[in-house]
Each structure stands twice: as structure tokens, then as C-alpha cells.
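Here's the structure we're looking at; comments come further down.
The values are calculated or read from the model by the stated rules, or taken from the named source; none is laboratory data. Note that the structure is predicted; figures quoted are calculated from it, not measured. Every residue, glycine among them, receives a Cβ derived from its backbone with ideal geometry; neighbour counts consider all protein chains shown. Just so you know, the surface numbers come from the protein's heavy atoms only, side chains and all, with ligands and any DNA or RNA stripped out. Shrake-Rupley method; radii C 1.70, N 1.55, O 1.52, S 1.80 Å.
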Amino acid sequence: MGEVDQLFQLLLAALTSVRDELALFSIFWIIVGLVDELVVDACYFGLRLAGRAQTGRLPARNAALPLNGRAAVLVPTWQEAAVIGTTLREALRVWPHPDLRIYVGCYPNDGPTIAAVLAGAGGDSRVRLVINDRPGPTTKADCLNRLYAALGEDEQREGQVVRSVILHDAEDMVHPDALVAIDQALDDVDFVQLPVLPEPNPASPWIAGHYTDEFAEAHGKLLVVRTALGGAIPAAGVGCGFSRVALGELARQRGQAGEAGPFAAECLTEDYELGLRVSWQGRGGTFLRMRASDGSLIATRSYFPAELVPAVRQKTRWIHGIAFQSWERMGWQGRPFDIWMALRDRRGPLTALVLACAYLLLLLELVLHLADWAGLVPLVPLVPAVRTLLLLTFAGLVWRMTLRCLFVWREYGAAEGLRSVLRLPVGNVIAIMAGRRAAMAYLRSLRGEGPQWDKTQHLEHPALRRSRTLAGAPT
């Protein structure tokens, strides 16, 4: 037994060394991240005190105002029969403007979605069904480029040029004031992004709920800071409007490179890239955070993945496109502030690695404490300097959780705000899994594997759930 005890003690000594290395690595990068967040927080509260980060309010009946020109809404779809009909009916109902055109892209091998589009349109001439030339799925950007081409064909045939182009997904519930708000904002800029509010899902308060936490803080603080300080604004792919002139210029530039349309079909996050490119040219872009006369935030609402695997797949696509592809395709450009924001946007893989190391550190610390409690080997404590840094990281974590709680509370109420604190580990686990998968996917792309539309399955729409709630039916 003596040799076994000796081997066991050697193993625990090795684990202690690993623990110490993990502690140094994790604490260093966590503190870097906390300092980064504290700078953003300081900017936000400074802007609030200066009156430059206030949420505006639109006058009553703003939604009824006429548009300054034709607005085209592009909606790419693939296997969206469950939600696209409701989306169209709601958009046509709350946006009665005769100058509105909704272009819905479908594929010839997706009959159920085509049927749902026709049913949802209800014969309204403002809806244009566009069938892709190729069977689906291709990529979301490819579908958008086909819609953009159809828009151009209509302009030539009707002799009327579109003023604004707005992007939405098949599952979105739009705000009645959004169309006019975007139209008015495009008087001064070439790109407008409205907030995105993930709809709380009673069936998935933890996995779907973590999206509410992230978007409430990002679209309540970070994009407000980016806009106020003149930074480039990425597009979220929904609730974003572009001037026709700006998209035409991007299409011209891509055409010179032999590529069709303004949307990068070779990119997994073409919306993110599009927003930045438009922000860097012409009249730039802005994040528009405003409330309607009834107090509701003018934002796009939709359900996000409610299960672990779809959530990881979606986050994988985001990290792959933003962290890896945008670095490769766009490099580092813009002002120092923009480079700082690009570093934040692209930190997903590093965040996943640091979080994984931090959780492994907690596990090793538990094992070593259990070994000490069992009398197998005395616990070797961390050095005082490291313990001090751990206390700082804990204080920083409390600050981060408090701020997130407040931002979620503002949009979703006290219960969701408090629950956001408990959801933090859920978001961390999803980030770790998605970061690893994104790195593997990027390595495969280096071997020549092309992008695919790894879309999220949508089976529920906010308008349907709300109508059942009003009718007293179970949700």
C-alpha cells in the first residue's frame, strides 16, 4: 500500500500544479475581460449622465405616418411553414402602408413554406413570393441576393426606385412603429439597427432564457455606447434597415469582384459584416433605441432556441462567422475604437477557452479539498497574491451579475431579472460548447468545406402564443 499511497500523493501533487497554472491563466484573462467590461460600463454611465444614452420616445400614432418612399422588406426562408404565415399576417396588419413591399424568398423543393407564404399573404399585392433558381438550402445570403435581384427587377418594370431595404427573418414579430422609425432615421444615415428582444419562453426558462439576458444587456448598453461614441454598428439580421443607395454601392463593389448582390454568400454572418461595411462608408449607421407612445420598446421579438443542441448550433454559427470569418475577410480596420469593438466581437473562442479552464479549476479545487478532508494529502493553498486576485474576480462577477439583472429587469420584469443571475452558468456552458464547435468548423473550412445554411428550426411564433394566452388556452 505504500507504493500506492506514494503514487496517489504524486497524482494529487500533479493536480495541485495543474490547478495553480489554471488559476493563473483563468484569473489573468477574467480580469482582462472584467476591465474591458468596466470600461464599457463607465462609458455607458458617463453617457447617461451627459444625456446622450437616453431612450427616446416617439409621438402618438407614429405608425400611421406615411413613408418617405417605398420600403422593401426581405425575408429569406427555408422550411419555415410553421411561422412564416403568421409573420406575414402580423406585418401586413400593423404596417398598412401602401408603399410597403415584402419579398419572401423560398426554394422550389420547399412546398409547405410556399403554401404558407401564399396563405399568409391572403392575396395582398404587397407580398412578393420569389422562388430561388436552385433547390434549397443554399445559404441565407444567397437567398437574400435572389430577393435583392427581384427587387431590382420590380424597380425596372414599375419605374419606381425603392428608398429603404429592411431585413427580417421568418419567425419575427415586428413592432407597429418600426417601419416608420426606420424610414425616418434613414433621412440621416444609411443603416439603422433596432433592438432585438428575445421572447421569454415558458417552456424553456433556462436555455431560451439566456438569450433574453444577453440581448437585454447588449442592446441596452453596448450598442448604445457604440453609437454614441461613433463606432461602426454590426447588423443583427432582423429589424435593420438600409438605404437603397448604400446597398447598391455594396452590390457594385462586389460585382467588380465577380460576386452577385450586396450579401456575402460565402459568409455565415453576412448581416454582421453588412452592417459594419455600410457603417464605414457613406453616411454611416446607427443603433436606434426608442419607445412607442405606449411605452413599449420598438424592437423585433421572436423565439430563440429552447433546447441545448439547437442553441449550441446557433452560437457556433455566430462565433464561426464573427470571430473567424470576419477576422479573415475584414481584418482590422477603422478607428481605434472600432478595433477595440472588433476585439470584443471576436473574443468568443478565447472566452470559451477561459471559461472551460475556470470550470476545470473549480473541479480540481473540489477534488483537492476532498482529498484534504479525507486525510489523503494536505491541501496546498493558493499563494496570497492569487487569492487576492480571486477576490477581485469574485467582486467583478457580482458587479456583472448585478448589471445584467438590472438590464433584464428593465425589459422583462423583476422575475426575469433575478433569474438571469441563475442563468449565467447556462450561458457559459453553451459558450464553451459553441466555441469548441466553431473552432472545429473553421478548421474544416480551411480544408475547403463551404458554408451551409445551418438554420434554426422555428415552431412557435410570439403572436400565436399571445393570442392563445388572451383566449385563455394553455401555452
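Loop-located GluC sites (Glu not before Pro) in the range 345-453 (DSSP state not H, G, I, E or B) with no more than 16 neighbouring Cβ atoms inside 10 Å: GLU449.
Under 10 Å from the Cβ of ASP172, count the other residues' Cβ atoms, weight Lys and Arg +1, Asp and Glu -1, and hand me the total. Walk me through the numbers before you get to the answer.
Details: positive: ARG301; negative: GLU90, ASP169, GLU171.
Spelling it out: positives minus negatives among the neighbours equals -2.
Below 8 Å, C-alpha to C-alpha, sequence gap of six or more: please give me the relative contact order for the range 164-313 in percent.
Details: 243 pairs, mean separation 61.6, N = 150.
Over the range 164-313, the number comes to 41 percent.
When you filter the trypsin sites (Lys or Arg not before Pro) in the range 1-91 for DSSP loop state and at most 15 other Cβ atoms inside 10 Å of their Cβ, you are left with ARG52, ARG61. Each Lys and Arg Cβ is given +1 and each Asp and Glu Cβ -1; about its Cα centre, the chain then shows a dipole of about 740 debye. Taking only protein heavy atoms and a 1.4 Å probe, the accessible area of the range 196-274 is 61% carbon and sulfur.
Leaving ligands, DNA and RNA out of it, rank ASP294, ASP372 by accessible area with a 1.4 Å probe, largest first. Could you put the intermediate results ahead of the total?
On the way: ASP294 115, ASP372 65 Å².
Of ASP294, ASP372, the descending order of accessible area is ASP294, ASP372.
In whole percent, how big is the carbon plus sulfur part of the accessible area of the range 87-158, probe 1.4 Å, protein atoms only? Percent of accessible area from carbon and sulfur atoms in the range 87-158: 54.
The long axis of helix 414-446 is offset from the longest Cα principal axis of the chain by roughly 90 degrees. Relative contact order for the range 145-249: 44 percent, from Cα pairs under 8 Å spaced at least 6 residues apart, divided by residue count. When the Cα gyration tensor is reduced to axis lengths a ≥ b ≥ c, the ratio a/c is 1.5 or higher for the range 33-158, and with a/b above b/c it is classed as prolate.
Nothing charged except the Cβ atoms of Lys and Arg (+1) and of Asp and Glu (-1): what's the magnitude of the dipole of the range 1-124 about its Cα centre? Round to the nearest 20 debye. Walk me through the numbers on the way to the answer.
Working: 9 positive and 12 negative charges, 237 e Å.
Computed about the Cα centre, the dipole is about 1140 debye.
Which percent, nearest 5, of DSSP beta bridges in the chain are antiparallel?
Numbers: 9 of 32 bridges.
The antiparallel fraction comes to roughly 30 percent.
Annotation note: GluC sites (Glu not before Pro) in the range 260-328 located in DSSP loop regions with a Cβ neighbour count of at most 15 within 10 Å are GLU266, GLU307. When the solvent-accessible area of the range 351-428 is split by element, carbon and sulfur atoms take up 80 percent of it, the probe being 1.4 Å.
Contact order normalised by length for the chain, with contacts defined as Cα pairs under 8 Å and 6 or more residues apart; what percent is it? Walk me through the numbers on the way to the answer.
Details: 735 pairs, mean separation 98.7, N = 475.
The normalised contact order for the chain reaches 21 percent.
In terms of its C-alpha gyration tensor, the range 373-445 has an oblate overall shape, because the principal axis ratio a/c (a ≥ b ≥ c, square roots of the eigenvalues) is not below 1.5 and a/b does not outweigh b/c. Taking a spot 7 Å from the Cα of LEU390 along the direction of its beta carbon, which residues of the range 336-380 have an amide N less than 18 Å from it? Within reach of a label on LEU390, which here means backbone N under 18 Å from a point 7 Å along Cα→Cβ, the range 336-380 contributes 355-374, 377-380.
Once a ≥ b ≥ c are taken as the square roots of the eigenvalues of the Cα gyration tensor of the range 1-73, is the result rounded (a/c under 1.5), prolate (a/b larger than b/c) or oblate (a/b not larger than b/c)? Cα axes put the range 1-73 in the prolate bin. Helical content of the chain, expressed as a calculated mean residue ellipticity at 222 nm, amounts to -18000 deg cm²/dmol (DSSP H runs of 4 or more residues, -39,500 (n - 2.57) each, divided by residue number, nearest 500). Accessible surface for the chain, divided over its residues, is 45 Å² per residue with a 1.4 Å probe.
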